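Heads up, the thing below is written out as structure tokens.
Every number here is computed from the coordinates shown, using simple stated rules; none is lab data. Predicted model, so just to flag it, every value in this text is computed and none were measured. Neighbour counts are summed over all protein chains in view; Cβ atoms, including those assigned to glycine, are modelled from backbone coordinates with ideal geometry.
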Amino acid sequence: MIKPVKHTFIILIVAQWLAMGCEAQDLLSRLQAVAGEAYAVFPIEGQYLPKTVQGNPEAEVILVQYENMLCSDCRAMRQGALPRLKEAYVDSGLIRIYSSLFPVGDQADPTYQATAAFYAAEKQEKGEAAEPLFWKYGTRLTDKRYSQIAALIGMDFERFQTDRKSQEILKLVEFRRTLAKVNGVRGTPTTLVGLPQNGTDKYLVIRMEKGRPFSEYKRVIDGVLGIAIGLAGETVP
């Protein structure tokens, strides 16, 4: 026979599990209302988020940006919507934004090679200086151009050439590419906007693929912020 105390404890645990499931389903339905029929909504694991992050670390709403340096839509977004989003939401502390490169092909693909080159520059702590130049030249990134960039930013070109073709760097590219695929990324640019589930390290996100106008990103982010504010209000005793 189960003792009353234990019986009550089991009932409480089951009730908590059911409540967590209801809360997750409620969050899913709210995000689906914001997404409409245009975008998918699905869960991701916080441990698979990119390491590069900007903004308020305590912000509930996250934006995750996947791009590659040879992508014309990515370049257009960097010159248009993305700076405006950072000014409106990141600088004000409303959201935190993660970013990662995502090569769309295998090792023979130029996007893969450009990603490896950037990580090789980062290995020499020249990533910040190299990044705007890599984005500037995009599809024109050749050995000659890399040599010019190396001279301009004070990077050891011979070491860079070795590093960008090394197994260490290629494994890093593949690892981060795999993490992006786990997060539902299929191409670039891909933007994920979402919230944590029940205060855990799991998130429910809306996936926005291809380049969108600033007004559309704003609509989705404002909708998710509205959900976060509403959920915070519901938890106030």
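The table below gives the values:
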item	result
Contact order relative to length of segment 106-173, as percent, for alpha carbon pairs under 8 angstrom and 6 or more apart	42 percent
Lys, Arg +1 and Asp, Glu -1 on Cβ, resulting dipole of the chain about Cα centre, debye, nearest 20	320 debye
Folded to 0 to 90 degrees: helix 214-235 orientation relative to the chain principal axis, Cα	30 degrees
Estimated [θ] at 222 nm from DSSP helical runs (n ≥ 4, -39500 (n - 2.57)) normalised by residues in the chain, nearest 500	-17500 deg cm²/dmol
Leading residue at positive end of dipole, the chain (Cβ point charges), from THR142, GLN124, VAL90	THR142
Projected-area average for segment 106-173 over all orientations - Cα convex hull basis, square nanometres	3.9 nm²
Contact order relative to length of the chain, as percent, for alpha carbon pairs under 8 angstrom and 6 or more apart	30 percent
Square roots of five times the Cα gyration tensor eigenvalues for segment 119-237, Å	39, 17, 14
Cα-based helix-to-principal-axis angle, 167-182 vs the chain, degrees rounded to 10	40 degrees
Charge dipole (segment 102-222, unit charges on Cβ, about Cα centre) - positive-most of SER215, VAL205, VAL104	SER215
Shape parameters for segment 44-185, alpha-carbon atoms, Rg then Dmax in Å	15.5, 44
Helix 143-153 axis, angle to the chain major axis (alpha carbon atoms, nearest 10°)	80 degrees
Within the chain, longest stretch free of exposed trypsin sites (Lys or Arg not before Pro) [DSSP loop, at most 15 other beta carbons within 10 Å]	52-164
Computed magnitude of the charge dipole of segment 106-173 (debye, nearest 20; Cβ of K, R +1, Cβ of D, E -1)	220 debye
Within segment 36-87: Cβ-based charge dipole about Cα centre, in debye rounded to nearest 20 (Lys, Arg +1; Asp, Glu -1)	300 debye
Solution diffusion estimate, µm²/s, Stokes-Einstein, the chain, Kirkwood Rh from C-alpha pairs, 4 °C, viscosity 1.567 mPa s	66 µm²/s
